[in-house]
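This report refers to the structure that appears directly beneath it.
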Amino acid sequence: MKYQKIIVFAVVIIAMISLPVLLSAQAPFDPPNGGGTPLGGPVGVPIDGGLSALIVGGVALLVRKFWKKKKDKA
């Protein structure tokens with residue numbers, strides 16, 4: 001029973017990490033002289049990619065852990 005929770009948690013975390021990558025589509029190539037960005041210009045690649053969700057999840061896990069430890073001491 002204990003391992004079942006760990007396995008479910010691991011599957012959820014792996015799904016949260018891999019789904020943005022699997023569901024993103026590559027934009028078609030737009031040549032620079034056909035109305036696209038000039039050579040050397042910014043392309044506009046998103047940096048986040050789910051990293052903020054991982055940070056929020058980690059902070060929530062730490063808060064829960066400290067709260068549980070504080071509750072057990074009282």
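The values are calculated or read from the model by the stated rules, or taken from the named source; none is laboratory data. Quick caveat, the model's predicted, so the values are computed rather than measured. Every residue, glycine among them, receives a Cβ derived from its backbone with ideal geometry; neighbour counts consider all protein chains shown. With ligands, DNA and RNA removed, areas are computed over all heavy atoms of the protein, side chains included. Shrake-Rupley method; radii C 1.70, N 1.55, O 1.52, S 1.80 Å.
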>> Residues that are open to solvent by 100 Å² or more (accessible area, probe 1.4 Å), part of a helix (DSSP H, G or I) and at pLDDT 85 or above: does region 33-54 have at least one?
In response: no
> Between residues in region 1-20 that are within 16 Å of G58 (Cα to Cα) and residues that are in a helix (DSSP H, G or I) and modelled with pLDDT of 85 or more, which pairs lie under 9 Å by C-beta distance while being six or more apart or on different chains?
Replying inline: I13/G57; M16/G57
